[in-house]
Amino acid sequence: MKTYLLPSAAGLLAAASLLVQSTGALAQTTCPAPSSTPSATLPYITSGESLSNYTLTFSDEFNTGSGLDASKWNNAIWYETPKGPVNYDVNNNRNGKLRIWPQSQGGKFYNRTIDTDRKFYQTYGYFEICAKLPRGIGPWPAFWLFNHDGETRPEIDIMEAYPGSQNKGYWSNNNNEPIGYGATVWLDTNRNVNSQYFGPFPPLSQSFNVYAVKWDSTGSTFYFNGVARGNKVGAAMPSRMYILLSLWFGGESGKPSNGNTPTGTGNAYEIDYVRVWRLNTP
Ligand SMILES: [Ca+2]
């Protein structure tokens, strides 16, 4: 991810008045398909879509095994080697989730990225997770698509949140719980074509919610709990991309520290599943 969605707090608040979506739907407390149902073959879209257009191409339900499936995932982004304490697990307590949690070592918090680079790519489709986010100053959870095949590095940020933001009432509440998130499309490293804010919602750290994008040859549409939100971003991006689930620190979430960044599995970015479909008629 780039370091920030919007150029300034002033810009942020101005944009808020334009982009904040009125949210009738409340955050939900359970994922749409039970985590014990790995056969879910349709995207979670609640209206206005012909689901026969979708074919499941990738999924990890995180329901079996005792660790990250190395045939699908890496535990560091391509330009880094894994650093810091192991702050993620899969199914170790049999809860059927990938968990990535804030953990300091020697007073430092290390970014963690779980991604499918070199293992799964797709051009276009519907990309979905069901997840609960961490709280506190510093954590920067995200779900995004990217490639670094060449110098042009297209990117779709489906969800990134800043629970420690000073913009209380916008990214977070006064308890440093995330109440909104951003979705951003980058044509390449320097060309941010669109940033949108979705919220405010009940704390996204207190319930599981479904974050998704439908990306086709005409652009990207973002979904929250099965409902399309905001504006379709009409940017052609005919590139293959891989999936990233990251818990970085900083950005608008502030500087993490022991004392105001709850650590450990009790404050994890918890992902119940990742599912991807291709569009039969892209
Ligand atoms: Ca699961």
Subject >> Sole exception among (1) within 24 Å of R135 (Cα to Cα); (2) within 16 Å of the ligand (Cβ to nearest atom); (3) loosely packed, with under 12 Cβ neighbours inside 10 Å for V86, by number >> reply: (2)
**OP:** Identify the residue in the stretch 57-68 that is within 15 Å of the ligand (Cβ to nearest atom) and closer than 18 Å to C130 by Cα and, among all such residues, is modelled with the lowest pLDDT.
**Re:** T64
Original post:
Does N167 satisfy the condition of being over 17 Å from the mean Cα position of the chain (by Cα), modelled with pLDDT of 95 or more and surrounded by fewer than 21 Cβ atoms within 10 Å (Cβ to Cβ)?
Top reply: no
**OP:** For T261, work out the one condition from (1) outside any strand (DSSP E or B); (2) farther than 19 Å from W171 by Cβ it doesn't fulfil.
**Re:** (2)
Subject >> Test: residue in the stretch 151-164 that is in contact (Cβ under 8 Å) with a residue 40 or more places away in the chain, surrounded by fewer than 21 Cβ atoms within 10 Å (Cβ to Cβ) and either in a strand (DSSP E or B) or among the aliphatic types (A, V, I, L, M) (or both) >> reply: no
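The values are calculated or read from the model by the stated rules, or taken from the named source; none is laboratory data. Owing to the predicted nature of the structure, the values given are computational and were not obtained by experimental measurement. With ideal geometry, Cβ positions are generated from the backbone for all residues, glycine too; neighbour counts draw on all protein chains shown.
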